[in-house]
Amino acid sequence: MRLPIVAGNWKLNCSRESASSLAREVAEVPVAGVEVIVCPVSVHLADVAQVVAGTDVALGAQNASAQESGAYTGEVSSTMLAEFGCKYVIIGHSERRSLFGDSEKSCAQRHQAVKEAGLIPIFCVGESLEERESGNTMTVVKSQLQALFDLAGPKAFNNAVVAYEPVWAIGTGKTASPDQAQEVHQAIRQFIFAQDSDSANALRLLYGGSVNPGNAQELFAKPDIDGGLIGGAALKSKDFLAVCKAAAPNT
Ligand code: 13P
């Protein structure tokens, strides 16, 4: 049985004060049987770490450098994130790939750096609307996954988390149907299984893209969907907690 995860990706949306109060509201309500993660921007990590310390809520960052140290202005390394109490790091979010030029190779390098620092990457994959409509969903997703195998070998996904986030479903209110999501999740697990069955069986595979309290339960009920990566609905504690509860076993 894989422990379900729900991670809130706050993106560039909270003030210093609202990040701490949102974290407090989330941490106040324990959700049995689900690992709950909050991912503020880097400059809010220290504050939020203090708020969630001693609670069941884990801390995640939204990106990490591929480099450990050196002349890389503006970057933050995984080792530094670990110093602030991060357990998880989102890597390869579609906004990073499309807006900031994070290539498949650089995402793979970042993923590796996160693992080397002892943290757990949440590696995002997903296709655009055009790619889906032209029947290329799995070609795109497999290529994003393959970059990690190319760099790190068959064990690339051991103790990792992968988030399938179709780009057309992010922030649009359009969710992949539970069947559409399950189909891709199953294919991702099979693709990883072909390299390393242990990693594939243990892999926690999250769905992201317009998840909300109204659709979470049906998505999370699918056998290969082990939780969610939540954007908009993570900015209201009540909605986020409802999504977290929907991931609990036997809800
Ligand atoms: P939304 O839940 O707002 O669609 O965002 C999903 C996302 O990008 C999480 O990383």
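Read-outs: derived from the displayed coordinates by stated rules, not from any lab. Keep in mind the model is a prediction, meaning the values are calculated, not measured. Using ideal geometry, Cβ is built from the backbone for each residue, glycine included, and neighbour counts are taken over all protein chains shown.
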Within the stretch 36-66: backbone nitrogen closer than 13 Å to the Glu83 label point (7 Å, Cα to C-beta)
46
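Given the alpha-carbon gyration tensor of the stretch 117-207, what are the semi-axes of its equivalent ellipsoid in whole angstrom, ordered largest first, with each equal to the square root of 5 times an eigenvalue? Provide the component values of the computation, followed by the final result.
Values: eigenvalues 103, 37, 30 Å².
Semi-axes (√(5λ), whole Å): 23, 14, 12.
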Cα-centred dipole magnitude for the chain, charges only on beta-carbon of K, R (+1) and D, E (-1), debye, nearest 20
180
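Working from the pairwise distances between different alpha carbons, so that the mean of 1/r is found and then inverted, what is the chain's Kirkwood radius in Å? Don't skip to the answer; put the middle values down first.
Values: mean 1/r = 0.0560 Å⁻¹.
Computed over Cα pairs of the chain, the Kirkwood hydrodynamic radius comes out at 17.9 Å.
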Amide H proximity to Ser65 below 5 Å, modelled H, separation 5+ or other chain, gives Val76, Ser77, Ser78
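Need one number: % antiparallel among DSSP beta bridges in the chain, to the nearest 5.
Given both bridge residues lie in the chain, the antiparallel proportion sits at roughly 0 percent.
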Note: the stretch 64-128, point scatterers on Cα, Debye, no solvent; log10 I/I(0) at q = 0.12, 0.15, 0.28 Å⁻¹ equals -0.27, -0.42, -1.27
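Expressed as a fraction of 2.2 N^0.38 Å, the rule-of-thumb size for a compact globular protein of N residues, what is the C-alpha radius of gyration of the stretch 150-251? All intermediate terms of the calculation are to be shown ahead of the outcome.
Working: Rg = 13.9 Å, N = 102, 2.2 N^0.38 = 12.8 Å.
Working it through for the stretch 150-251, the quotient is 1.09.
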Quick one: of Lys155/Lys245; Lys11/Lys115; Lys87/Lys236; Lys222/Lys245, which pairs are farther than 27 Å apart, Cα to Cα?
Lys155/Lys245
Sequence order, the stretch 224-241: Karplus ³J(HN,Hα) from phi using 6.51 cos²θ - 1.76 cosθ + 1.60, θ = phi - 60°, Hz rounded, Gly and Pro as x, gives 9, 9, 9, x, x, 10, 10, x, x, 6, 7, 8, 10, 4, 5, 5, 4, 5
